[in-house]
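Asks: Quick one: the structure is below, questions incoming.
The values are calculated or read from the model by the stated rules, or taken from the named source; none is laboratory data. Predicted model only: the values in this text are computed from it and were never measured. When we count neighbours, we look across all protein chains shown, and the Cβ atoms used for this are built from the backbone with ideal geometry, even at glycine.
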Amino acid sequence: MKTIQILIFSFILMTACKDKQATLNYVDTIIENGCSGTFTYDSISLDQKQFIFTTDVMEHANIKIGEKEILLKKDSTITPTENEQIDIYSGEGYTINLIINKVNQIGDEVYTKSGTLLITKDKIIKYKIKIHGESGC
């Protein structure tokens with residue numbers, strides 16, 4: 001009985017660690033449709049144009065997990081407080097919450113934003129990343 005428990009625990013541990021090896025890479029395609037949002041790690045300068053998440057603001061976004069670029073569809077937008085907005089995207093088993101809690105207007109329709117990118121798969125949090133970026137039309 002103890003051997004079976006050890007084998008089950010080992011299998012669960014190997015399965016959980018396997019997906020942790022996946023990484024977020026910089027996207028190859030910037031999604032835009034008149035308007036766009038581009039986001040990267042909060043430690044990377046926006047001038048480097050190395051984005052981990054892009055969106056057309058209204059309908060779609062993309063992200064690159066491992067070597068696979070994933071097209072996402074926007075499901076909804078939630079505004080829990082006056083200073084926070086959550087855009088929820090999904091695709092290929094992933095749910096991505098773009099949580100914005102700081103916005104600065106830098107042009108007529110251009111904004112810098114910062115917050116958190118929360119990525120789940122099968123209801124398990126895979127990544128929680130501090131991000132910043134720009135969006136506008």
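Asks: What about residue 46, is it more than 15 Å from the chain's Cα centre (by Cα) and modelled with pLDDT of 95 or more?
Replies: yes
Asks: Which of the numbered conditions does residue 59 fail, given that it passes all the others? Conditions: (1) in contact with a Lys or Arg (Cβ under 7 Å, 6 or more places away or on another chain); (2) within 18 Å of residue 130 (Cα to Cα); (3) among the charged types (D, E, K, R).
Replies: (2)
Asks: Also, I was wondering about something else. From the set of residues in segment 51-68 that are of a type in the set (A, V, I, L, M, F, W, C) and not in a strand (DSSP E or B), which is surrounded by the most Cβ atoms within 10 Å (Cβ to Cβ)?
Replies: Once the filter is applied, the top-ranked residue is 51.
Asks: So which of 29, 120, 79, 38 is β-branched (Val, Ile, Thr) and either in contact (Cβ under 8 Å) with a residue 60 or more places away in the chain or touching a His at 6+ places or on another chain (Cβ under 9 Å) (or both)?
Replies: Being β-branched (Val, Ile, Thr) and either in contact (Cβ under 8 Å) with a residue 60 or more places away in the chain or touching a His at 6+ places or on another chain (Cβ under 9 Å) (or both) holds for just one of 29, 120, 79, 38, which is 38.
Asks: Let me ask something additional. Among the numbered criteria (1) out of contact with any Phe, Trp or Tyr (no Cβ under 6 Å at 6 or more places or on another chain); (2) modelled with pLDDT of 95 or more; (3) under 24 Å from residue 111 (Cβ atoms), which one does residue 81 miss?
Replies: Status for residue 81: all satisfied but (2).
Asks: Please note which strands (runs of 3 or more DSSP E) are completely contained in segment 69-137 and include at least 1 residues that are of a type in the set (Gly, Ala, Ser) and closer than 19 Å to residue 50 by Cα.
Replies: 110-121, 124-136
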